[in-house]
1. List the trypsin sites (Lys or Arg not before Pro) in the range 30-79 that DSSP assigns to loop (not H, G, I, E or B) and whose Cβ has at most 15 other Cβ atoms within 10 Å. Which are they?
2. Note down the nm distance, to one decimal, between modelled labels 7 Å out along Cα→Cβ at T73 and at K8.
3. Taking the Cα atoms of the range 24-65, what is the range of coordinates along each of the three principal axes, in descending order and whole Å?
Amino acid sequence: MVDKKISKENLEKALSKKDNPEMPKEVEIGFHQGSINTLLNERIGLIKMISQIEQIIQAHVKRLEELGVKVRTNPEKKE
């Protein structure tokens, strides 16, 4: 499997390649609109998932504090 980072530059380069088959403008517009809609829905799903995870973490932190355990909520970054 090729491990390529997705970047704006790589995406723009891939979209501007001249060896890509030509497609009608309306089809290309539909393709990009569909891609944006899909990605926006995926982002919404991820935000919901993160929200649920945060609620569960907070419930555990609250219970640990009730049990007398001090919890660091901002772990120190190791460099």
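All of the numbers you see were taken from the coordinates with simple rules; none came from a lab. Being a predicted model, the structure only gives us computed values, none of them experimental. Neighbour counts are summed over all protein chains in view; Cβ atoms, including those assigned to glycine, are modelled from backbone coordinates with ideal geometry.
1. On the way: sites: R43, K48, K62, R63, K70, R72, K77, K78; in loops: K70, R72, K77, K78.
For trypsin sites (Lys or Arg not before Pro) across the range 30-79 that sit outside H, G, I, E and B with at most 15 neighbouring Cβ atoms in 10 Å, the list reads K70, R72, K77, K78.
2. Going by the 7 Å Cα→Cβ label model, 3.3 nm.
3. 61, 7, 5
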